[in-house]
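The values are calculated or read from the model by the stated rules, or taken from the named source; none is laboratory data. None of the values given here were measured: they were computed from a predicted structure. Every residue, glycine as well, gets a Cβ built from its backbone with ideal geometry; the counts of neighbours run over all protein chains shown.
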Amino acid sequence: MSDSKSIASTAMPYSAAQADRWAAVALRTISPALDPDASDEAWAWLYDGRIDTRRALLRMEPCTVSVTHASTRITWTIRPVVFLPLSHRQGVELPACAHDFQPNASTQHLH
């Protein structure tokens, strides 16, 4: 059994730049509290690795940023996700196919 610990966090940035900036702000925020080796890892990514992270995100590739402080490994995993925007329905005619949908009997009680 390992004595190491891990920390997880979630954010929902809207772009590669926002995701990159979120990880950078988090690293800068915690870097004063890190041991010297972990601080060096953090600043190495901030100075050299950050551009590779941004490029990977722009190619829609997942990436990670990690530092190890004492026995704790801190990892940011950044995954691009594509969402389709929902259309606003007020004052907009629904497409014809929307009227073709007939809910089945098991969902009728929900209305």
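Results for (1) exposed (fewer than 13 other Cβ atoms within 10 Å of the Cβ); (2) among the hydrophobic types (A, V, I, L, M, F, W, C); (3) at pLDDT below 90; (4) touching a strand residue (DSSP E or B) at 6+ places or on another chain (Cβ under 9 Å), shown as yes or no for each residue.
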residue	(1), (2), (3), (4)
33	yes, yes, no, yes
39	no, no, no, yes
47	yes, no, no, no
52	yes, no, no, yes
57	no, yes, yes, yes
60	yes, yes, yes, no
63	no, yes, yes, yes
71	yes, no, yes, yes
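Would you check which residues across region 47-73 are part of a strand (DSSP E or B) and within 13 Å of residue 19 (Cα to Cα) and list them? Passing the criteria: 63, 64, 65. Residues in region 24-72 that are touching a helix residue (DSSP H, G or I) at 6+ places or on another chain (Cβ under 7 Å) and among the aliphatic types (A, V, I, L, M): 24, 27, 34, 42, 46, 57, 58, 65, 67.
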